[in-house]
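Notes follow the structure.
The values are calculated or read from the model by the stated rules, or taken from the named source; none is laboratory data. What you see is a predicted model; the values in this text were computed from it and never measured. Ideal geometry is used to build each Cβ from the backbone, glycine not excepted, and the neighbour counts take in all protein chains shown.
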Amino acid sequence: MSRTWRTFSVLRKYKLKLNPAKCAFGVQGGRFLGFMVTHRGIEANPLKIRAIIDMKAPTCLNEAQRLTGRIAALSRFISKSAEKSLPFFKTLRKAKTFEWGTPCQLAFEELKAYLARLPLLVKPSPGKPCTYIYRLPPRLSAPYSFEKKTENNYLYTT
């Protein structure tokens, strides 16, 4: 509680007031800036995941743009997100004629399956080994990963 009291004393010192409706203390987790923050780490907002999983295959340009926007909102949770969404961006490049072909449909189904089992983002443990994996262009992806017991976790960076 000492950190909380220090925070309140700084607020009092500068005569700042908090909105009680927007404050929460001592909670185990919750939604914050579009993410689910828990004691285990940062998770994707289930509502955003459900929005993509419940989507039907786009039939027009606007629906494809909506899909890519939703993917962008979850990009930090999707390993190789640029690679996974490349067919959608190729379709958007040809903006005059909208064509949802087989590659797009396959990528869409794979994305939905991947989103159903998203990994958890956690902070690394100091002193434990961490692997940095990178891939050269044309597609760049840079996940950090480390083993924690039997599950594979991905490190978030700021």
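Tabulated data for the structure shown
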read-out	value
Residue under evaluation Arg76, criteria (1) modelled with pLDDT of 85 or more; (2) more than 15 Å from Arg50 (Cα to Cα); (3) of a type in the set (Lys, Arg), criterion not met	(1)
Extreme residue, nearest to Ala72 (Cα to Cα), among residues of the range 24-41 that are among the β-branched types (Val, Ile, Thr) and surrounded by 10 or more Cβ atoms within 10 Å (Cβ to Cβ)	Val37
Options Ala51, Ala21, Ala57, Ala95: the member that is on the phi < 0 side of the Ramachandran plot, surrounded by 10 or more Cβ atoms within 10 Å (Cβ to Cβ) and in a helix (DSSP H, G or I)	Ala51
Residue among Thr68, Thr4 that alone is at pLDDT below 85 and surrounded by 10 or more Cβ atoms within 10 Å (Cβ to Cβ)	Thr4
